[in-house]
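Down below is the structure, laid out as structure tokens.
The values are calculated or read from the model by the stated rules, or taken from the named source; none is laboratory data. Predicted model only: the values in this text are computed from it and were never measured. Because the Cβ atoms are built from the backbone with ideal geometry, glycine has one as well, and the counts that use them run over all protein chains shown.
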Amino acid sequence: MALHGVIVKANGEKINIVVGEDENDPVLYITDLLPHLGKDQMEKKAAEVVTGEALNAVIGSIPLSEEVSVKPNILKYLNEKFGIVEEDFLSAELELVPAYKPRDIGFDRSMIGAYGQDDRVCAYTSLRAILELEVPERTAVAIFADKEEIGSMGNTGFQSRFFENAIAEILEKYEGNTDIKLRRVLANSELLSADVNAAFDPTYPEVSEKQNTAYLGKGVCITKYTGSRGKAGSNDANAEFVGKVRKLFNENGVVWQTGELGKVDMGGGGTVAQYVANYGMEVLDCGVALLSMHAPYELSSKVDVYMAYKAYKVFMEKD
């Protein structure tokens, strides 16, 4: 595992931490139980085989001396390397991520294998698209929000007022802000919710509806509605806006497909589209279809990634 994050020291100094990405860096490790002793573990349900409390990272094994444990030696290393002490971990945000490099997948190199493509693949293509815009017909905005997988809460999630406040600041700058002006701007906006969908996996065909699913390599996927077991917690874009996006893509060479996140009664999932729709704006989910979503190594098609970039750029630059 690689370690990423920030640590804020007692004096307010911010330390950026990246360990495990360079070829010469050490990596950290999470142990697993050997099958020879896993009789009780194998009898558990899959969701209980590895508990959250069992995800302990191995970070060292050499004690500072014969009289003390390993911990003081690790703290000594961290102090020498980053200038931090143990208490600094109280004001830290650290994440362990797979220390795998993205790789070409397949003999034809047509796919990308990498961790966290949900939703880095959509964030990257959105960023590339807006940075390459010249003069769009309307104001273009790309929003990058945090904590989508846990409900988009907090002041960096999409349920915060960050986006609303940013638009209010722009209004104040150009013509003076009022509440009704802000509401009108938001309600008259259009947005593509850049999020991935599940691609059809021939190994697990029973979870997908073959006539209403996305396939790897068939273009960017638009998803009219998400939700759990139907449309619960979904935005459900209206037919007029779907038609407008469809026409825009067709006229600008964007290869696209439609898809649903599995069979209706199988489960499902949601995106941030529902929160943006509360402003009254038109919203449609649009992103890359993945195999092995949420696995340590996810799979995407290079064609789909390119078409996502092209879709976002066309959407932002055309009226």
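Among the residues of region 174-212, those identified as of a type in the set (Lys, Arg) and at pLDDT 90 or above are Lys181, Arg183, Arg184. A single entry from Glu169, Glu175, Glu134, Glu149 fulfils the requirement of being within 24 Å of the chain's Cα centre (by Cα), loosely packed, with under 14 Cβ neighbours inside 10 Å and acidic (Asp, Glu): Glu149. Looking only at region 204-249, how many residues end up being within 19 Å of Gln274 (Cα to Cα), hydrophobic (A, V, I, L, M, F, W, C) and in contact (Cβ under 8 Å) with a residue 60 or more places away in the chain? Looking only at that region, the number is 3. Within region 157-164, identify whether any single residue is modelled with pLDDT under 95, within 19 Å of the chain's Cα centre (by Cα), in the same structural domain as Tyr309 (by TED's automatic domain parsing) and closer than 30 Å to Glu23 by Cα, and answer yes or no. Within region 157-164, not a single residue is modelled with pLDDT under 95, within 19 Å of the chain's Cα centre (by Cα), in the same structural domain as Tyr309 (by TED's automatic domain parsing) and closer than 30 Å to Glu23 by Cα. The set of residues in region 210-234 that are of a type in the set (Ser, Thr, Tyr) and either part of a loop (DSSP other than H, G, I, E, B) or surrounded by 19 or more Cβ atoms within 10 Å (Cβ to Cβ) (or both) comprises Thr213, Tyr215, Thr223, Tyr225, Thr226, Ser234.
Being under 21 Å from Val6 (Cα atoms) and at pLDDT 95 or above narrows it down to one of Leu55, Leu90, so name that one. Going through Leu55, Leu90 in turn, the sole match is Leu90.
Checking Asp201, Asp195 one by one, the residue that is in contact (Cβ under 8 Å) with a residue 60 or more places away in the chain, over 22 Å from Tyr312 (Cα atoms) and in contact with a strand residue (DSSP E or B) (Cβ under 8 Å, 6 or more places away or on another chain) is Asp201 and no other.
Here's the yes/no breakdown for (1) modelled with pLDDT under 95; (2) of a type in the set (Gly, Ala, Ser); (3) not assigned by TED's automatic domain parsing to the domain that holds Leu186:
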site	(1), (2), (3)
Glu67	yes, no, yes
Tyr77	yes, no, yes
Gly113	no, yes, no
Glu134	yes, no, no
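Ile74 meets all of the listed conditions (1) within 25 Å of Ala114 (Cβ to Cβ); (2) surrounded by 15 or more Cβ atoms within 10 Å (Cβ to Cβ) but one, namely (1). When Arg128, Arg120 are checked against the criterion of being surrounded by 13 or more Cβ atoms within 10 Å (Cβ to Cβ), touching a residue at least 12 places away in the same chain (Cβ under 8 Å) and assigned by TED's automatic domain parsing to the domain that holds Gly233, a single residue qualifies: Arg128.
Taking the listed residues Leu261, Leu299, the one that is crowded, with 21+ Cβ neighbours inside 10 Å and on the phi < 0 side of the Ramachandran plot is Leu261, with no other qualifying. Here is a check on your reading of the model: is Glu149 touching an Asp or Glu at 6+ places or on another chain (Cβ under 9 Å), without any contact (Cβ under 8 Å) to a residue 12 or more places away in the chain, assigned by TED's automatic domain parsing to the domain that holds Glu298 and not aliphatic (A, V, I, L, M)? Answer is yes for this residue. In a residue-by-residue description of region 53-71, the property of being surrounded by 10 or more Cβ atoms within 10 Å (Cβ to Cβ) and of a type in the set (D, E, K, R) applies to at least one position. In this structure, does Phe107 turn out to be among the hydrophobic types (A, V, I, L, M, F, W, C) and over 24 Å from Val18 (Cα atoms)? Answer is yes for this residue. The lone criterion from (1) surrounded by 14 or more Cβ atoms within 10 Å (Cβ to Cβ); (2) touching a strand residue (DSSP E or B) at 6+ places or on another chain (Cβ under 7 Å) left unmet by Ser160 is number (2).
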